[in-house]
Structure formats: structure tokens, C-alpha cells
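Single-structure report; data block below.
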Amino acid sequence: MTYKINDGIAFGILGPSGHGKTTLLRLIAGLEIPTDGYVYFDDELMSGPGRIIVEPERRNVAMVFQNWALYPNMTVYDNIAFPLKMAKMSRHEIDRRVREIAEELELTRVLNHYPKELSGGQMQRTALARALVKNPRILLLDEPFSNLDAALRDSARALVRRIQRERKLTTIIVSHDPADIFSITDVAGVIINGKFVQIGSPADIYNTPATTIIATLSGDINLLSAKVVENTALIANLRIPLGKGLINDNEVIIGLRPDEMKLLMEPQDIRGFIDIGKVRVKVSSYTLGVFRIVVSPISDENINIIVVSDEFIEPGREAHLLIKPDKIKIFNKEEKLIYPELKNLITAL
Amino acid sequence: MAIPTLFFGGIIVFLLAWNFVVSLENWSLFNPVPKFVGLASYFYLFTQNYFYTSISHTILFTVGLVAVGNILGLLLAALLYFLPNNTQRAVYLSIFIYPMAIPPTATALVWLWLYNPQIGIDWLLLKLHLPSIPWFATPLNTQLALVLVEVWEYTGLAVLFYLASFLSVDRSIIEAARLDGASSINLLFRVLLPNSMNGFIITTALLFLFSFRIFDIPFIMSGSATSPTLMTLVTYIYYLFAYSEYFSVAAALATLVAVIAAIVIIPYALLGLKKWVFRR
Amino acid sequence: MNSKYVVRVIKYAILQLVVAIFIILWLTPLYAMLVGGFKSNMEAASAPILLLPKQFSTEAYYFDWFGFGTLIGLEFPMIRQLLITIPVALASVVFGSMGAYFFYIQMERRPWVSNIGFSIISLATFLPAQTLTVPLIALTSSIGIYQTYWGLAFAYFIFYLPTSALLMSIFLPVVPNYLIESARLDGARDWSIFWHVIFPLVLPGFLSTLIFVFLMVWQDFFTPLIIATKPSLYMLPVAARQYVGGYAILYNRSFAAGVITSLVPLIIFAFLGRYFIRGLAALGGGAKGI
């Protein structure tokens, strides 16, 4: 298929590992030879089937590698200056540009340090500085945050987003972590088995994933097999009312995101939520500021549902499970989305 | 940027080809305008007694070094492995390897003296009331004495590669075996040796190649290339060239030797070296 | 408990003793050579070679260094050897490294190029040099460098430049591929990548190769034997051969010649032996852990 990434846009690529995300980046960079197909920058042909037409060193593409690929034998200053030296810039100009970008990315203090003396965040910013310093026409980011501590990731994402917006830099970011994609990109594509299966805004992919696999890739989701009887989906003792005539299949897969549900001890009406039945709490764990509660329907211990809660709930207790009916996703037995409708999406399934 | 390497590497191939062409001619000092004579030089070579003696010597030296070098190298590597002190191990390893850094001229002359029946090793054996060894009494003795020099010179290689194989066995496996009550001998035969296949292949290939090409030590020890006692295939090439001056016959023998060497070298390089280096 | 401890101590003592015996055996030739050179001629001819000199004499060194009669002194061969070996080894390793880098990056782009290159450099490294006797002399004669320093250097390059490339091929993979790719995206061409990124990172491997090749060239007896046979071109191993036994007057002088030939290699081995051993290990694919 042909896909055109517009100038100045941040494009995200989601997908399971080993399905060709990184290969796509490397094809764009010119590090990989396409077996078939063409890569164009604007109207300029870069690679064709079986050959590289413009060598990577002449493409003016910058890439931040997963492990940052800093030159261990050079200081931070020399690392950042390297692309400029290769462009045969004057010493004075190199110095000016390196100091400017170092200032912006808060690297001034460590300019004389070697990579092995840096913290993870500093290494990542050095890699970013080295990529940005030559004003590339495209910035490629390959899992740029996966080697960072979780606590550092949000600020790193914010930094990349700010820089991308300020410079209107065409950016392509590859990640298996949907948080990277949602926080930075304008448009995202999902690659499975080397093919784009869905392209759209990150919100559209999150809300209307075309298949269950895409649903899993774009964020946590509970996928529950359900029987449909009289416009109601049944999962053990849980009953989810569906709109009249909405679903014609007898068996469906219901997708519920953990953050789109609530657990209540006592039945209570909350606007936008409906009570679908009682569950028992199995495990409560705490990650990144929220409790993740695993619950099972009262009548079936083998079904696990993950719910995000802002308070701890003791295992063994019973609770009411509430869901947002407008957020529910329904897939047919072939794991394809049947509700809600796919919106504004370019799909090639 | 690969031009110098490709140039000189290319010259080797070119020279080998040239060698082959010369071997099909009848070029010698007496016949300076060579003609194509097909395989005549090879047939001439096969009629020569020296050809067969030099083959048997090469086989003796090579098999001798590969066998003794492997066994002794394995033994010494095991001894070094069980030394608790890393520095001592490193120093001892260097001592086993230093003969390879000594120019063969020096090696040959020192061993000639060590084999001297009055004032050499035999003097010491006599002092210790041990039977003296008639090093150069018969051709076979002389040849075995040469194997001993080879062993002294090249066993360090075997020690190096066996020790490397041993040391690459995961420390935790050794410790687990120790906790299970394995003795050192058990450890050697049950854990270390089964993990030394690479060490064995490398050692055997390198000892073969070094022994197969050994020229300087037999050449100097026997005084010149004319003495048949220590003549090997490679000294015979030089003999044919420099003394008989049958250039085409020398080239024919050289071609045979090169083919034998290549049969070992190329699989070793492509299936062994390259795989070990680039496995990632 | 106590007897177990005693058994362990005895085992340890036996281990140390057995190793020590082999070490002494291995050092004996070196010892004999060193003491022999300091004996007087008479003593060297008659006294057991494993005994220390009764009278310390440097006469043999004087004799060997300046030569005597038809015997050529080792002074000029030594200088010649240094002046030729150093640049030959250095150039071999620099050019060999570049070749190795080329084969390394061709591994992924065109594996067959890399395979052929690897076969040729391995062949050149391990091939018995004697197999090239006839064409090598014919070639150097036909381009007019037979019996010259140039011819000698040329012949050394034929054998040792590919050797350097082979060893460097084994040291190069310490540079991860992603650094090379990163440098390409930073706009560096192969030449810049080699000097700015690869070379600084393989410096230890470069040193090992350099030391190894230096010692191999220094020891090479055969190449000067066929290419530089004129006494005015004698290289050290060939010149030293004049002093090898058999002649009635050469007892202590023979040992001294051995010492003079081995002096530079021994010093290098004593101080940089680690690198030489790593170079040797590379012949077997790296032997990690040594």
C-alpha cells in the first residue's frame, strides 16, 4: 500500500515486536534495502526494489536508536558535534549550534562528560540533541523511551512533543507502548505482520480498534466472550444491555478498558455509568498511582476482569461493576469490530 | 579503502595461479625457455625418493605435534585452570607461549646445543644417573627430537585455546558441580572437556597448519635444505628450487602443498573462524 | 576435618610442583641461551650448557655484533630489521584494518564478497610461504625489485597485510553495528566512520594485531632467505644463521647470536605479551576470557 506522511506531522507506529515496525524505520532511513516497493521523500525517490538510491548519509534523516547509539569514545559535546563535523561546518558554527541545543536540552553541564558517565535521561537527551542539531528533514525515533526509568518517561515524552511542535519537524516514532504514541503523535498506524492494519488519530484507534489485536496493542483491555440473548450480552452473571437490533450475532467478544469501568461497594447511580452485576475481588495491586483490581463475576471464578480504581479494595470482597455503555467495544467471533463503527479510518485489513 | 588488502590478497591468488602455470611447463636452470609439458613435472616428482621421504617426515612431524600438542596442551591447561591465582596463571600461560615469540633461528641453535651428547641435556641426565638419550643417533631419533622442539614451540597455542574453553564455562556451573561434591578430575572430564570442542578444533587446525608449514627450524637444524633427515614437503620445495633448480618441479610440489593447505584453511575460515566471530 | 584439610594442602602442593616442573622445562632453552652467551669460547665449547659461566665474558657479543672475517656482524642486520619491520608492520595493520572493516560492512550488504575476502585473507595467513617461492621470485625479478628492500617489503606485505586483515576482522565485531549505522545517518561516509568511530574503539585489537605482526615479521626467516640473499641485504634471522653451530670457533658466539636475534622480541613479549597472546587467540576466533 502507499502511505504519505505529511510534512510537520508526528506519525506513530504501534505494533507487536518482530512485526516490522523497526524495519519500516530502517527502510525510511536507508539502512535496509526494500525487497519491493519505493520510499520517496517529497518527490525524490530514495529506495526502490532491491536498491538504495540515496545513501543514508545523504538523506539528512536523524534517528534516535533504542539504545541511543552514543559514540563511547566521544564526549557529549563531540557526540552532538559529530553530524556537523561530517557536514564540514566551520568550527565556530559547530560550537554555536552545539551550545544552543545543549542549552535547550539541559546538557550544558555535562558537555565534557563521556556517555558512560551519564544518567539514562541525559543519554537520551544527548541522542536527541545529536539527532536535532543538524536540522534533519525527518526525525526517526525507535522505541526512544523503553530504556528509561518509568518515572523519567513522561518528562521525556513531553520534551519530544514540545520540540516536535515547535520545530514542526516531521517525526516518525515506533513503539510498542501506546503511551508513547498517544502522548506525542498526531496520526498513528498499527503494523501487524509487516502490514498497516489501521491508520488514524490515536484517539480513534484507542476508541474504535479494528480488531481485538489492535485493541490490545493500543492499551489495556479486557476481552470477554459473551452470549447475546434478547439484546443483552451475558458474561456469567454480568448483563450488559445492548441497543435494540444493534447486534445480530449470538456470540461476541466484549472489550472493556480498565479505566472505563468502576467498582462500587454499594449500588449507586453515577451519570454515564450502568451497573452490570456483582463481582468478587481477587487481587489488588498498585502501579503508577492507581490500583489495578482483578475481579471475577460472582458465578464464574475463571473469568478475570481488570479494573482501575483510585482506592484499595480487599481481596474477597464483593462489589458492583459499573461500565460506560458508550465506551463498550464489541467484536464478532472473527475478532473484528462490529460496534462502534470505525470512524475516519484508513484500514487495509 | 579495502584496495591494499584486496591488492595483496589478489597477488596471493595470482601467484598461486602462476605457480600452477609454471608447474605445467618444463622450466629449469638448464631450460630457461620453458614450454608447456602438461603434468610431466608432477610425474617427475612422483619418481623422486625425496618426495616420499619428505611426505613421510611431514606426516610424522604433523601427526606428532597434533597428538602430543593436544594431549600436553590439555593437561597443562587443566593444571593452569586449577591454579587459584589469576596472576600466576597469566604468567605461566605467557611462559608456555613465549617460544612462539622467539625467532626460529635462535630456537634452532639453542636446541642443537641442548641435544649435544656431551654438554647438553644428556649431561644432566648422566648427573642424575638416568640413561642418556641418543638424540641424533638415528634418523628416526633426529626426527623425534624435532617433534620435541615443535612441541616446545607450539604447545602454548593448545594451552591457550583449551584454557580459554575451560574459562568460558559458566562459573555457576562449576560451583554447582563443586557443591555436588565433584572432584577436580570429575570436573575436568564431566564438565570442562565436553565444553572444549571448539578448543579442540582450533588447536588441531592451528597445530596442523603451523607444523605443516614448519621450515626454518628443520632447515637450520639440519644445516641446510640438502640434508634428507629432516626434509619436509616445504623444505623440499626450497631444495628443488635452490639446489636442483628444477623450477617447474618446485612449482608442481608447491601447488600440491597449497592445495592440501587450502583444503584445511578454507573450511576452517568459513565454517569455524567466521561463525565464531560473527555469531551474535 | 583436619585430615581433609591436610589432603587438600598436599593436593595443592602437588599441583604447584607439577606445574613448576613444566615451567622450568619451558624456560630451560631460554636460560641456556642467556648463560651460554656470557661464557668464554673455551668454556662454552666444553662446559655443560646448563651451568652458569665461571667467568663472565661479553666477548661473544662483541664478536657477533661487529662480525669477524667472512662472518657478517649483526649490527647492520639489526638496524635493517628495525627499520623495515616497524613500518611494514604498521602499514600492514593500518591497511589490513581498513580491509577488515570493508569485509565487515559487506557481511550484510553482500555476504559473498565478505566470504571470498575472508577466504583469501585466511589462505594468505596460513598458507606455507614456501609454496610461493617460484612465482614470488619471478614476479619480483620481473618488476625489478628482487634483491632490494622494496622487494622485501613487498613480499612481507603479501603475507602480513592479509594476516592483519584477518586478525582485525576478529577484533572488529566489538564495535556494534548500530554505531556504524548511527554514524551513517549522521552523514559520515565509510572513511570518516572508520577513523572517527571504528578506529578509536578497536584500538586494543589494533595494538594486538600490530604486536603480533611485528613479531611475525621479525621472526620471518624464509622471506628474506629467498628475496634478500645478498650479504648487504641480510636480515637478522638470516644473518644470525651464520653463527649457528657446526663451525669450530662459534660456541659462545652461537648463543650470543640467538640472544641478539631474540632481544627485541623478548623485550616486547615481556612488556606487551598480553597483546601478542590476544593476537594469537584471534587466530582461533577470539578465545574470550584470556
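The values are calculated or read from the model by the stated rules, or taken from the named source; none is laboratory data. Small disclaimer: the values here were computed from a predicted structure and weren't measured. Methodologically, a virtual Cβ is constructed for each residue, glycine included, from the backbone with ideal geometry; neighbour enumeration extends over all protein chains shown. To get the accessible areas, we keep the full protein, side chains included, count just its heavy atoms, and leave off ligands, DNA and RNA. Shrake-Rupley method; radii C 1.70, N 1.55, O 1.52, S 1.80 Å.
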Practice problem: Mind grabbing the accessible area of residue B:136 for me, 1.4 Å probe, Å², rounded to tens? | Solution: 90 Å²
Quiz item: Amide H to amide H, which residues 5 or more places from residue A:113 or on other chains are under 5 Å from it, using H placed in the peptide plane?
Solution: A:76, A:77
Exercise. Select from C:134, C:197, C:18 the residue whose mean-square fluctuation is largest in a Gaussian network model of chain C (Cα-Cα springs shorter than 10 Å).
Key: C:18
Practice problem: With a/c under 1.5 counting as rounded, go ahead and sort the range B:49-191 into rounded, prolate or oblate using the C-alpha gyration tensor (a ≥ b ≥ c being the square roots of the eigenvalues; past the cut-off, prolate if a/b is larger than b/c, else oblate). | Solution: prolate
Quiz prompt | Residues in the range B:85-112 that a label on residue C:16 would reach, taking backbone N under 20 Å of a point 7 Å out along Cα→Cβ | solution = B:85-96
Quiz item: Across the range B:59-68, in residue order, what do the Karplus-derived ³J(HN,Hα) couplings come to in whole Hz, using 6.51 cos²θ - 1.76 cosθ + 1.60 with θ = phi - 60° and x for Gly and Pro?
Solution: 4, 4, 5, 6, 4, x, 5, 4, 5, 5
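Could you work out the relative contact order of the range C:73-282? I mean the mean sequence separation of Cα pairs under 8 Å and 6+ apart, divided by the number of residues, in percent.
Working: 219 pairs, mean separation 64.1, N = 210.
Relative contact order, the range C:73-282: 31 percent.
Output needed for chain A: three equivalent-ellipsoid semi-axes, defined as square roots of 5 times the C-alpha gyration tensor eigenvalues, in descending order, whole Å. Display every interim value, and only then the final one.
Details: eigenvalues 411, 124, 42 Å².
Sorted largest first and rounded, they come to 45, 25, 14 Å.
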Practice problem: Apply 1/(1 + (r/R0)^6) to the Cβ-Cβ distance of residue A:201 and residue B:86, taking R0 = 51 Å, and write down the FRET efficiency to the nearest 0.05. | Solution: 0.25
Practice problem: Taking 7 Å along the Cα-to-C-beta vector as the label spot, tell me the residue B:33-residue C:272 distance in nanometres, rounded to one decimal. | Solution: 5.3 nm
Self-check item: Solvent exposure ordering (accessible area, 1.4 Å, most first) of B:53, B:47
Solution: B:47, B:53
Exercise. With r as the distance between the Cβ atoms of residue A:117 and residue A:292 and R0 = 35 Å, compute the FRET efficiency 1/(1 + (r/R0)^6) and round to 0.05.
Key: 0.40
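When the gyration tensor of chain B is built from Cα positions, what are the square roots of 5 times its three eigenvalues, in whole Å, from largest to smallest? If you can, show how the numbers build up before the last one.
On the way: eigenvalues 314, 153, 44 Å².
The answer is 40, 28, 15 Å, longest axis first.
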Quiz item: Per-residue HN-Hα couplings for the range C:80-90, Karplus 6.51 cos²θ - 1.76 cosθ + 1.60 at θ = phi - 60°, whole Hz, x for Gly and Pro?
Solution: 4, 4, 5, 5, 8, 5, 4, x, 5, 5, 4
Quiz item: How high is the FRET efficiency between residue B:244 and residue C:82 when r is their beta carbon distance and R₀ equals 45 Å, given to the nearest 0.05?
Solution: 0.80
Quiz prompt | Cα gyration tensor category, rounded, prolate or oblate, for the range A:128-169 with a/c compared to 1.5 | solution = prolate
Quiz prompt | Histogram of C-alpha separations across the range C:1-61, 5 Å bin width, % | solution = 4, 17, 17, 12, 9, 9, 8, 7, 7, 5, 3, 2, 0
Quiz item: Under a point spin-label approximation (7 Å from Cα along Cα-to-Cβ), what is the residue A:176-residue B:1 distance to one decimal in nm?
Solution: 3.4 nm
Quiz item: Which semi-axis lengths, in whole Å and largest first, follow from the square roots of five times the eigenvalues of the Cα gyration tensor of the protein assembly as shown?
Solution: 71, 34, 26
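Volume per residue, Å³, of the convex hull around the alpha-carbon atoms of the range B:92-141? All intermediate terms of the calculation are to be shown ahead of the outcome.
Numbers: hull volume 5.5 nm³, N = 50.
Here the figure is 110 Å³ per residue.
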Quiz item: Of the accessible area of the protein assembly as shown, with the probe set at 1.4 angstrom, what percent is carbon plus sulfur?
Solution: 61 percent
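So for B:122, C:190, what's the accessible-area order with a 1.4 Å probe, most first?
Values: B:122 10, C:190 50 Å².
Solvent-accessible surface, decreasing: C:190, B:122.
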Self-check item: Spin-label model distance (nm) - residue A:313 vs residue C:142, 7 Å beyond Cα toward Cβ
Solution: 9.1 nm
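With Cβ to Cβ distances under 12 Å as the rule, what net charge do the other residues near residue A:34 carry (K, R +1; D, E -1)?
On the way: positive: A:26, A:51; negative: A:32, A:36.
My count for the surroundings of residue A:34 gives 0.
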Quiz prompt | Near-label residues of the range C:80-108 by backbone N, under 19 Å of a point 7 Å along Cα→Cβ of residue B:13 | solution = C:96-108
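Among C:107, C:98, what's the order by accessible area (1.4 angstrom probe), most exposed first?
Numbers: C:107 50, C:98 10 Å².
Sorted by accessible area, descending: C:107, C:98.
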Quiz item: Can you give the accessible area of residue B:138, probe radius 1.4 Å, in Å² rounded to 10?
Solution: 60 Å²
Quiz item: Counting only the heavy atoms of the protein chains, how much of residue A:303 is accessible to a 1.4 Å probe, in Å² to the nearest 10?
Solution: 40 Å²
Quiz item: Which angle between 0 and 90 degrees, to the nearest 10, do you get for helix B:86-97 versus the longest principal axis of chain B when only C-alpha atoms count?
Solution: 20 degrees
Quiz prompt | the range A:291-331 residues near the modelled residue A:239 label - backbone nitrogen below 17 Å, point 7 Å along Cα→Cβ | solution = A:297-300, A:320-323, A:325
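Shape call for the range C:1-103 from the C-alpha gyration tensor, a ≥ b ≥ c root eigenvalues: rounded (a/c under 1.5), prolate (a/b greater than b/c) or oblate?
Values: a/c = 5.27, a/b = 1.24, b/c = 4.25.
It comes out oblate by the Cα gyration axes.
With N set to the number of residues, divide the alpha-carbon radius of gyration of the range C:73-282 by 2.2 N^0.38 Å and report two decimals. Can you show the working numbers first?
Working: Rg = 19.4 Å, N = 210, 2.2 N^0.38 = 16.8 Å.
Working it through for the range C:73-282, the quotient is 1.15.
Please tell me the relative contact order of chain B in percent, rounded to the nearest whole number, where contacts are Cα pairs under 8 Å and at least six residues apart.
On the way: 291 pairs, mean separation 87.2, N = 280.
That works out to 31 percent.
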Quiz item: With charges only on Cβ, +1 for K and R and -1 for D and E, what is the dipole size of the range C:73-282 about its Cα centre, in debye, rounded to 20?
Solution: 240 debye
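Based solely on its DSSP helices, what 222 nm [θ] is calculated for the protein assembly as shown when runs of n ≥ 4 H residues each add -39,500 (n - 2.57) and the sum is averaged over all residues, nearest 500 deg cm²/dmol? List each step's numbers first, then the result.
Numbers: 33 runs with 472 residues, N = 919.
It comes out at -16500 deg cm²/dmol, rounded to the nearest 500.
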